[in-house]
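J.: Pasting a structure here, questions to come.
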Amino acid sequence: MTDHRCCRGCKFRVAADAEVREAPDGLEQEQGAMADFTLDLNEDQLQIQKWVHDFAENVVRPAGHEWDEKEETPWPIIKEAAEIGLYSFDFITQCFLDPTGLMLPIASEEMSWGDAGIALSIFGSTLGLAGIAANGTPEQLMEWGPQCFGTPDKIQLAAFAVSEPDAGSDVSSLRTRAVYDEAKDEWVLNGTKTWITNGGIADIHVVVASVEPELGSRGQASFIVPPNTPGISQGQKFQKMGIRASHTAEVVLDNCRVPGHCLLGGKDKLDEKLARAREGKRSTSQAAMKTFEGSRPTVGAQALGIARAAYEYSLDYAKERKAFGRAIIENQAIAFKLADMKTRIDASRLLVWRASWMASQGKEFTAGEGSMSKLFAGETAVHVTEEAIQIMGGYGYIREHPVERWHRDSKIYTIFEGTSEIQRLIIARAISGVHIK
């Protein structure tokens with residue numbers, strides 16, 4: 001498969017069959033513009049969906065148990081993804097440029113349907129790329145973006161380093177410092193990051209650090225740490241409950257010097273932002289939050305893929321498993337569980353697609369729509385995988401079947417990139433206009 005051009009259609013419009021009579025000026029034209037609403041995917045999206053699903057079904061899912069047990073980065077699978085163009089700067093760029101915003105969520109759902117840990121190993125570099133795209137200049141994106149992925153012959157990884165041991169959800173309290181050495185035009189980074197996907201093993205680290213701590217999150221900036229830079233190292237690698245094929249570790253910065261041009265956005269832009277913050281003016285963006293706002297719907301799509309996998313597996317089981325002389329799905333207790341599971345999955349997808357479309361159109365999340373999608377999809381994944389285990393009984397609890405792994409994988413989606421509590425806080429603040437604490 002060679003042609004992965006971006007989508008051409010998939011516009012959100014409303015069907016209207018009623019004839020318009022004596023409408024005010026302009027109303028007929030507006031009604032006509034609304035008449036094309038569809039949730040059908042276009043040909044490009046369907047092609048990508050099938051392409052990713054086939055890879056997830058034939059390569060990723062069969063390897064899920066093995067790499068979960070190993071708790072290691074699945075380098076051979078990443079290489080296979082790179083060889084077909086799935087793990088590449090070009091593919092992710094095409095997803096980012098999709099005018100509907102749906103391409104990356106579609107791909108993320110299908111890959112996580114295969115296995116979430118392996119999916120994060122393949123798509124984990126995308127978060128680092130998103131940090132560059134959100135905060136950097138076009139020139140920086142073109143310089144560093146391809147290095148986040150490398151080539152099939154030389155695989156490279158990227159990491160986005162924000163969280164710290166004493167500052168998880170509170171990104172305004174980061175202690176990692178960035179000090180400018182004007183004589184050498186270098187930034188000196190010191191601090192420890194934690195819970196970092198690809199942390200320490202990445203070739204490109206995007207690090208959020210505090211330039212003026214007294215300004216809180218308004219005094220922060222993002223920096224590229226290039227490959228083989230002295231002063232950056234991996235700290236503790238974490239052994240996790242789930243997504244165990246994805247590498248998660250501390251990143252230690254010890255007098256790590258990066259060139260001045262590695263400040264994302266450039267120094268002039270940073271100086272202007274700091275000056276506004278000192279005057280008490282509201283900042284239009286924050287280094288970390290700008291990246292998370294754009295990535296939350298895609299994270300929700302990953303959770304959605306896990307939920308769908310568990311639902312489909314338990315549905316098949318319920319139709320085949322017999323008890324008391326009939327298939328267990330013939331019992332309302334089981335059938336109603338599956339009905340609720342399917343309903344929540346489809347509702348999650350609609351929230352994810354809405355937020356993704358809004359982001360692609362530059363529409364502001366006035367009611368925390370990005371957080372809604374991640375919150376509901378994450379909690380749906382936990383609920384659906386638990387119900388799948390319940391439907392399967394003892395068989396759902398043992399490693400012979402994948403639902404116990406999917407349940408372990410699902411829990412992180414209520415924690416990372418903003419806990420469920422933080423998502424509710426964002427939504428509540430957005431809908432009320434009140435600074436709820």
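The values are calculated or read from the model by the stated rules, or taken from the named source; none is laboratory data. None of the values given here were measured: they were computed from a predicted structure. Neighbour counts are summed over all protein chains in view; Cβ atoms, including those assigned to glycine, are modelled from backbone coordinates with ideal geometry.
J.: Look at segment 139-182 and say how many of its residues are closer than 29 Å to GLU80 by Cα and without any contact (Cβ under 8 Å) to a residue 24 or more places away in the chain.
T.: 5
J.: Let me ask something else. I need a count of the residues in segment 168-213 that are closer than 25 Å to THR73 by Cα, in a strand (DSSP E or B) and of a type in the set (A, V, I, L, M, F, W, C).
T.: 6
J.: It is to be established whether one or more residues within segment 394-413 are hydrophobic (A, V, I, L, M, F, W, C), outside any helix (DSSP H, G or I) and closer than 24 Å to HIS65 by Cβ.
T.: For segment 394-413, residues hydrophobic (A, V, I, L, M, F, W, C), outside any helix (DSSP H, G or I) and closer than 24 Å to HIS65 by Cβ: present.
J.: Please specify each residue of segment 394-408 satisfying the condition of being out of contact with any Lys or Arg (no Cβ under 9 Å at 6 or more places or on another chain) and either surrounded by fewer than 23 Cβ atoms within 10 Å (Cβ to Cβ) or among the charged types (D, E, K, R) (or both).
T.: Those that are out of contact with any Lys or Arg (no Cβ under 9 Å at 6 or more places or on another chain) and either surrounded by fewer than 23 Cβ atoms within 10 Å (Cβ to Cβ) or among the charged types (D, E, K, R) (or both): GLY394, TYR397, ILE398, GLU400, HIS401, GLU404.
J.: Inside segment 214-245, can you point out the residues that are assigned to a strand (DSSP E or B) and either farther than 29 Å from GLU272 by Cβ or in the same structural domain as GLU143 (by TED's automatic domain parsing) (or both)?
T.: Once the filter is applied, which keeps residues that are assigned to a strand (DSSP E or B) and either farther than 29 Å from GLU272 by Cβ or in the same structural domain as GLU143 (by TED's automatic domain parsing) (or both), segment 214-245 yields SER233, GLN234, GLY235, GLN236, LYS237.
J.: Given (1) at pLDDT below 95; (2) within 27 Å of GLU379 (Cα to Cα); (3) basic (Lys, Arg), identify the lone condition not met by LYS281.
T.: Only one criterion in (1) at pLDDT below 95; (2) within 27 Å of GLU379 (Cα to Cα); (3) basic (Lys, Arg) is unmet by LYS281, namely (2).
J.: Residue under question is PHE160, and the condition is that it be of a type in the set (Phe, Trp, Tyr) and within 21 Å of ILE243 (Cα to Cα); does it hold?
T.: In short, yes.
J.: Could you list, in sequence order, the residues of segment 49-65 that are in contact with a helix residue (DSSP H, G or I) (Cβ under 7 Å, 6 or more places away or on another chain) and over 23 Å from ALA245 (Cβ atoms)?
T.: Hits for segment 49-65: nothing passes.
J.: Among the residues of segment 116-152, how many are under 30 Å from LEU270 (Cβ atoms) and either assigned to a helix (DSSP H, G or I) or under 12 Å from the mean Cα position of the chain (by Cα) (or both)?
T.: Residues flagged as under 30 Å from LEU270 (Cβ atoms) and either assigned to a helix (DSSP H, G or I) or under 12 Å from the mean Cα position of the chain (by Cα) (or both) within segment 116-152 amount to 23.
J.: Which of the following residues is outside any helix (DSSP H, G or I) and either farther than 30 Å from GLU164 by Cα or not assigned by TED's automatic domain parsing to the domain that holds PRO62 (or both): GLU379, GLU421, GLU387, GLU364?
T.: Residue meeting the stated conditions: GLU364.
J.: Turning to a different aspect of this structure: Would you be able to tell me the number of residues in segment 153-162 that are crowded, with 21+ Cβ neighbours inside 10 Å and assigned to a loop (DSSP other than H, G, I, E, B)?
T.: 2
J.: Within the group TRP195, TRP113, which residue is surrounded by fewer than 22 Cβ atoms within 10 Å (Cβ to Cβ), within 16 Å of the chain's Cα centre (by Cα) and in contact (Cβ under 8 Å) with a residue 40 or more places away in the chain?
T.: TRP195 is the lone residue from the list that is surrounded by fewer than 22 Cβ atoms within 10 Å (Cβ to Cβ), within 16 Å of the chain's Cα centre (by Cα) and in contact (Cβ under 8 Å) with a residue 40 or more places away in the chain.
J.: Given ILE412, ILE391, which one is crowded, with 18+ Cβ neighbours inside 10 Å and out of contact with any helix residue (DSSP H, G or I) (no Cβ under 7 Å at 6 or more places or on another chain)?
T.: Answer to the check: ILE412.
J.: Something else now. Out of GLU186, GLU143, GLU164, I need the residue that is touching a Lys or Arg at 6+ places or on another chain (Cβ under 8 Å), of a type outside the set (Lys, Arg) and modelled with pLDDT of 95 or more. Which one?
T.: GLU186
J.: Against the condition of a type in the set (Phe, Trp, Tyr), exposed (fewer than 14 other Cβ atoms within 10 Å of the Cβ) and not assigned by TED's automatic domain parsing to the domain that holds PHE123, how does PHE336 come out, does it pass?
T.: When the stated conditions are applied, PHE336 passes them.
J.: With the condition being at pLDDT 95 or above and surrounded by fewer than 14 Cβ atoms within 10 Å (Cβ to Cβ), I'd like the helices (runs of 4 or more DSSP H) fully within segment 1-103 carrying at least 1 qualifying residues.
T.: Passing ranges, in order: 43-55, 61-70, 75-83, 89-97.
J.: Would you mind finding the one in SER373, SER295 that is modelled with pLDDT of 95 or more, among the polar types (S, T, N, Q) and either more than 24 Å from THR126 (Cα to Cα) or out of contact with any Cys (no Cβ under 8 Å at 6 or more places or on another chain) (or both)?
T.: None of the other options fit; the residue is SER373.
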